[in-house]
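Values in this text are rule-based calculations from the coordinates and carry no lab data. Please read these numbers as outputs of a predicted model, since none were measured by experiment. FYI the Cβ positions are ideal-geometry reconstructions off the backbone, even for glycines, and counts take in every protein chain you see.
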Amino acid sequence: MAAVFLLTGCSAVKNPEEIAASVRDVYAAASSIETVADITSDLNEETMTYQIGYDYEKKEGTATAVMTVLAPESIAGIQAEVTGEDVTFSYDGTELETAMPDRKGLTPADVTTYLLYDLMNTVPEQVWMEGELLALRFEEVTDECTAVKEVYLNAETGALSEARIYCDGKQIMRCTFASCTLNGK
């Protein structure tokens, strides 16, 4: 993947379909992905900042992920385990009831899950270089809004660097990845 990215040193990329396919192949082939992200969420009620750890693992065709709140301290330790469409929240071994809104990929609790899904499965609307970062733009029309995800990857490693999530043109979330490790098959 790095070789393909390095050939695209200007802001417009020459082979966006080829680069997008390369990104999908690398993310889909990963047996595990670990991230730590600072997520700022502005969902019209108030602006909140979280630090979220995310561990994705694929074994024998089954993928699971565990999201752990690292900050703020008042909710640190809350976990969500994701298996397919099922999400189970827990704290210190106790399962928690949740009133998760039906805003798939538009909340801090599931944004990383859906960013990875898009990188593994979805053809982006646009691909371009922004400085040293490869940018991909995904768009989805939902019942709630037109959601746009701008995802920025390290052009050499393919690792997540940043994501900006918009709902009807208003930025509702920004994810800055302090780390992202992709492990092969």
- Query: For the stretch 104-181, rounded, prolate or oblate, judged on the Cα gyration tensor with a ≥ b ≥ c (square roots of eigenvalues), a/c < 1.5 rounded, else prolate if a/b > b/c?
  - Reply: prolate
- Report relative contact order for the stretch 13-73 in percent, whole number only (criteria: Cα-Cα under 8 Å, sequence separation at least 6). 26 percent
- Note on the structure: Filtered hits (aspartates and glutamates, Cα-Cα < 17 Å from residue 14, offset >= 8 within chain) -> 125, 130, 132, 156
- Per residue of the stretch 163-175, in order, report the coupling 6.51 cos²θ - 1.76 cosθ + 1.60 (Karplus, θ = phi - 60°) as ³J(HN,Hα) in whole Hz, putting x for Gly and Pro. 9, 10, 10, 10, 10, 6, x, 9, 5, 10, 7, 9, 10
- Note on the structure: For the chain the mean separation of alpha carbon contacts under 8 Å (6+ apart) over residue count, i.e. relative contact order in percent, is 26 percent
- Would you please name the GluC sites (Glu not before Pro) within the stretch 28-72 that are DSSP coil residues with at most 16 other C-beta atoms within 10 Å of their C-beta? 45, 46, 60
- For the stretch 106-185, what's the relative contact order in percent, using C-alpha pairs closer than 8 Å and at least 6 residues apart? 20 percent
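For n ≥ 4 DSSP H runs only, could you compute -39500 (n - 2.57) per run for the chain, divide by its residues and tell me the 222 nm figure to the nearest 500?
Numbers: 3 runs with 30 residues, N = 185.
The per-residue figure over the chain is -5000 deg cm²/dmol.
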- Task: Give the calculated FRET efficiency between residue 87 and residue 156 to the nearest 0.05, with a Förster radius of 35 Å applied to their Cβ-Cβ distance.
- Result: 0.60
- Select from 84, 105, 158 the residue whose mean-square fluctuation is largest in a Gaussian network model of the chain (Cα-Cα springs shorter than 10 Å). 84
- Show the residues, 5+ positions off or on another chain, whose built amide H is closer than 5 Å to the amide H of residue 159. 154
- Message: So if I average 1/r over every pair of distinct C-alpha atoms in the stretch 10-124 and take the inverse, what Kirkwood radius in Å does that give?
- Response: 15.6 Å
- Note on the structure: Looking only at aspartates and glutamates whose Cα falls under 15 Å of residue 170's and that sit 8 or more positions away or on another chain, we get 42, 45, 46, 139, 140, 144, 150
